[in-house]
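Inspection log for the structure reproduced underneath, given as structure tokens.
Please treat every number below as a calculation from the coordinates, not as lab data. If you're wondering where the values come from, they're calculated on a predicted model, not measured in any experiment. Positions of Cβ are backbone-derived with ideal geometry, glycine not excepted, and every protein chain shown enters the neighbour counts.
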Amino acid sequence: MKEKKKVFPADFAWGAATSAYQIEGAWNEDGKSESNWDRWAHTPGKIKGGGTGDVAVDHYHRWKEDVGLMKQLQINAYRFSIAWSRIQPAGRGSLNPKGVSFYDKLIDSLLESGIEPFVTLCHYDIPQILEDRGGWVNREMTDWFSEYAGKIVHLFGSRVTKWMTINEPICIAKGHYAATVEPPGLGDPQAGADAAHHLMLAHAKAQRAIRACGQKYQVALVNCIFPSEPYTGPVKSDSDGFARMSGDINSAEGEEPVTPEDAAAAAYLQDGYTNRWWMEPPFTGRYPQDIWAHMEHHPDVIEGDMDIIKAKPDFLAINYYTRYLVRAVRSKGKLSWKGIPVKERGNSYSSMGWEVYPEGLYNTLLRLKKEYAGTPVYITENGFAFEDKISDNGTIEDDYRVDYLRRHIDICGKALAEGVNLKGYFVWSLLDNLEWETGWGQRFGIIYTDYKTLNRTVKKSGLWYRDFIASATSKKT
Ligand code: GCO
């Protein structure tokens, strides 16, 4: 019989992803300190519907069941984050034995189940005590974070080799500091710019600290990529699906007429602010010069910082959800941009308002191949939110999510065939969880969580993913 060529290599990582604050709960148990997100959630009006991560989906107590579900889904990789406030409650100094023990047991259990842990050191939540000292706006944070990173790798490094330092620094700089939607919600563009630089520096210092622990570690910064496309057509809705991206460093006030040329230029700028600013410096040792020239608020870059930042990651960790349609805005003669939700094109949209656009993933992967030749790539998040309903017979028929996953995974196969050094794919998310400031309304999971009983049920998409992995990894042709 003719041998059918497998598209996905045998060592391809098939995973699912989560983050600590979104799933763990146990916000003040066993010595955990208050985090910035605990403080935010406990402040009335900050999270839609008054949602909090106090219990979240109780993963802290149900982790055994969750690892069992992962095993059932046949995933071979799991991306999760460590709650800094759980493991090092004061943000510096001594570690909390009970926090250490929680992650210790989780890692052991994953390995026993044949699931490789991919660990993120900071997925937005930091100890409140550090936020009180300015959080990422304070330059000292770069040292606190790298000390923490070194300690964690000493603890778990015999069992974990894939480390991600910071998740989506753009969302932290913009959403948490430049805008008002996430803690501490400063709404201060200068603070956003300073945080942006400190996050890049903190990543680089942490990468150094991790590599100092041993050669075997692979380290990356996690970036969300939104490919840009210009849009000049009519706009119906004013709300944009990118709340965390708004409050932009250069947000333009007041709009003047724009041309298609403007729109193209704006898309270029958007790509610069959203993608290139975070991707390029570790390779080039510079922030993109065109964006620097366009920015109104500049971070304080001290001599030597860029030499530290110029340190290639071992892999590119990419979160991909959708593209960004960009409209030009002009204010006081200066061209700027904003993301636009356009709903009349016949494409589908998630409940986040995000357009389903797998071609954007294809373009992104091909671009990474060209611009970061050879650097391995992991898609560390990709997924679809919807208001899933559980049927009377207990199933969740989320065909729209099956369709989303299938189309994006097809793109992965296509990219591999074109020589992209793609090493793995992680669905966001393993199970429905707290979607930050938007609360409990956005279900991203391939496992359904009943928020009253906390019971878990594998959705149709989870079953589809399981079967897909089985066929992609089977020895038979
Ligand atoms: C982010 C995070 C995830 C989100 C997911 C859906 O992008 O904010 O990485 O924690 O839940 O991306 O928005």
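Scoring 288-301, 47-60, 308-321 by mean Cβ neighbours within 10 Å over their residues and listing the highest first yields 308-321, 47-60, 288-301.
Listed cross-link partners 310/369; 105/205; 6/370 are compared with a 26 Å cut-off, the Cα-Cα value being larger for 105/205. Relative contact order of the chain: 18 percent, from C-alpha pairs under 8 Å at least 6 residues apart in sequence.
For the chain, the equivalent ellipsoid built from the Cα gyration tensor has semi-axes of 31, 28, 24 Å, listed from largest to smallest.
In loop segments of the stretch 387-477 as defined by DSSP, the GluC sites (Glu not before Pro) with at most 15 further C-beta atoms inside 10 Å of their C-beta are 387, 397, 418. A cut-off of 5 Å between modelled amide H atoms, ignoring neighbours fewer than 5 places along the same chain, links residue 13 with 424, 425. Averaging the sequence gap over all C-alpha pairs within less than 8 Å and six or more residues apart, then dividing by the number of residues, gives the stretch 132-197 a relative contact order of 27 percent. Expressed to the nearest 5 percent, the antiparallel share of DSSP beta bridges inside the chain is 25 percent. Of the chymotrypsin sites (Phe, Trp or Tyr not before Pro) found in the stretch 367-476, those that fall in a DSSP loop while having at most 16 other beta-carbon atoms within 10 Å are 451. Residue by residue, the stretch 426-437 carries 3J(HN,Hα) couplings of 10, 6, 9, 9, 4, 9, 3, 8, 6, 8, 6, 5 Hz when phi is fed to the Karplus relation 6.51 cos²θ - 1.76 cosθ + 1.60 (θ = phi - 60°); x denotes Gly or Pro.
Annotation: amide H of residue 458 within the under-5 Å range of 448, sequence separation 5 or more or interchain, hydrogens built in the peptide plane.
For a straight C-alpha distance cut-off of 15 angstrom, the aspartates and glutamates reachable from residue 312 (same-chain residues fewer than eight places away being disregarded) are 280, 371.
Put simply, the amide H of residue 451, placed in the peptide plane, has no neighbours under 5 Å, leaving out anything fewer than 5 places away on its chain.
Under the convention that each Lys and Arg Cβ holds +1 and each Asp and Glu Cβ holds -1, the size of the dipole of the chain around its Cα centre is about 1660 debye.
Please work out the FRET efficiency for the pair residue 71 and residue 310, using the Cβ-Cβ distance as r and a Förster radius of 30 Å; give the result to the nearest 0.05. Given R0 = 30 Å and the Cβ-Cβ separation, E is 0.15.
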